[in-house]
1. State the number of residues belonging to region 72-104 that are without any contact (Cβ under 8 Å) to a residue 24 or more places away in the chain and hydrophobic (A, V, I, L, M, F, W, C).
2. Tally the residues that are among the β-branched types (Val, Ile, Thr), over 15 Å from the mean Cα position of the chain (by Cα) and surrounded by 10 or more Cβ atoms within 10 Å (Cβ to Cβ), restricting the search to region 96-143.
3. The conditions are (1) in contact with a Ser or Thr (Cβ under 8 Å, 6 or more places away or on another chain); (2) modelled with pLDDT of 95 or more, and residue 127 fails exactly one of them. Which is it?
4. Please state which of the following conditions residue 58 fails to meet, knowing it meets all the rest: (1) more than 30 Å from residue 23 (Cβ to Cβ); (2) at pLDDT 95 or above; (3) of a type outside the set (Lys, Arg).
5. With 18, 75 as the choices, which residue is on the phi < 0 side of the Ramachandran plot and more than 16 Å from the chain's Cα centre (by Cα)?
6. Which members of region 91-110 meet the condition of being of a type in the set (D, E, K, R) and outside any helix (DSSP H, G or I)?
7. Based on this model, can you work out whether residue 80 counts as in contact with a helix residue (DSSP H, G or I) (Cβ under 7 Å, 6 or more places away or on another chain), buried (at least 18 other Cβ atoms within 10 Å of the Cβ) and under 22 Å from residue 117 (Cβ atoms)?
8. Which ones in region 34-51 are under 22 Å from residue 87 (Cβ atoms) and surrounded by fewer than 14 Cβ atoms within 10 Å (Cβ to Cβ)?
Amino acid sequence: MTNFEEDSAETVSLDPMLSRILQKTQPWLRLTGIAGLTSAAFMVLAGLGGGAAGLVSGDPMAMVLLVAYPFGALLYVFPSMQLVRSAKNIREFATTGDPRQLEAAMEAQRAFWKFVGLLTLVSFAVIVLGLTAAILVGLFIRS
C-alpha cells in the first residue's frame, strides 16, 4: 500500500478506460450501499415491531425477533458502509485526481470483500454443521 504525504499536491491520472470504469461503478456502489443501510433499518423496525407484538401476545417465538432481526441488521451495516465509503472516495478521486482518494476507495473495497468472504465461510460452516446435526438426529430417531 502506498502512503502519500498529507500536504502533497500530487495527482494521479489513470488510463482513461480505467477512469471511466471507476466512474461508472461509483453510482452502483452508492446504490447498493444505501439499499443495504435501508434494509438494515427496516430489519431493526421489523424486529422491534415483531418483538413488541410478541411481548403483548406472550408468544416467545415472536419475541425472538426482538433480538434476531436487529442482529441480522448489523450484518448489513458494515459492508454497506464500506460500499458507500468506496463510492464517495471514487467520486472525489475522479474530481481531484488525489491518489489518497483512490487508495481509500480500494481499501474500502478490500474491507467489503473481506467481510463478504468471511461471512461466506461462516455460512458454509453453519450449513455443514446444520446438515450434520440433521443427519445425526435423523439416524438417532430412526434407531
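The values are calculated or read from the model by the stated rules, or taken from the named source; none is laboratory data. Values in this document were obtained by computation on a predicted structure and should not be read as measured data. Positions of Cβ are backbone-derived with ideal geometry, glycine not excepted, and every protein chain shown enters the neighbour counts.
1. 1
2. To start, the set of residues in region 96-143 that are among the β-branched types (Val, Ile, Thr) comprises 96, 116, 120, 122, 126-128, 132, 135, 137, 141.
Now narrow it down to the ones that are over 15 Å from the mean Cα position of the chain (by Cα): 96, 126-128, 132, 135, 137, 141.
The next check asks that each one be surrounded by 10 or more Cβ atoms within 10 Å (Cβ to Cβ); those that pass are 96, 126-128, 132, 135, 137.
Of the residues in that region, 7 qualify.
3. Evaluating residue 127 over (1) in contact with a Ser or Thr (Cβ under 8 Å, 6 or more places away or on another chain); (2) modelled with pLDDT of 95 or more leaves (1) as the failure.
4. (2)
5. Values: 75 fails: more than 16 Å from the chain's Cα centre (by Cα).
Being on the phi < 0 side of the Ramachandran plot and more than 16 Å from the chain's Cα centre (by Cα) holds for just one of 18, 75, which is 18.
6. Of all residues in region 91-110, those of a type in the set (D, E, K, R) come to 91-92, 98, 100, 103, 107, 110.
Answer for region 91-110, where residues must be of a type in the set (D, E, K, R) and outside any helix (DSSP H, G or I): just 98.
7. Working: in contact with a helix residue (DSSP H, G or I) (Cβ under 7 Å, 6 or more places away or on another chain): yes; buried (at least 18 other Cβ atoms within 10 Å of the Cβ): yes; under 22 Å from residue 117 (Cβ atoms): yes.
Answer is yes for this residue.
8. Once the filter is applied, which keeps residues that are under 22 Å from residue 87 (Cβ atoms) and surrounded by fewer than 14 Cβ atoms within 10 Å (Cβ to Cβ), region 34-51 yields 35, 38, 41, 42.
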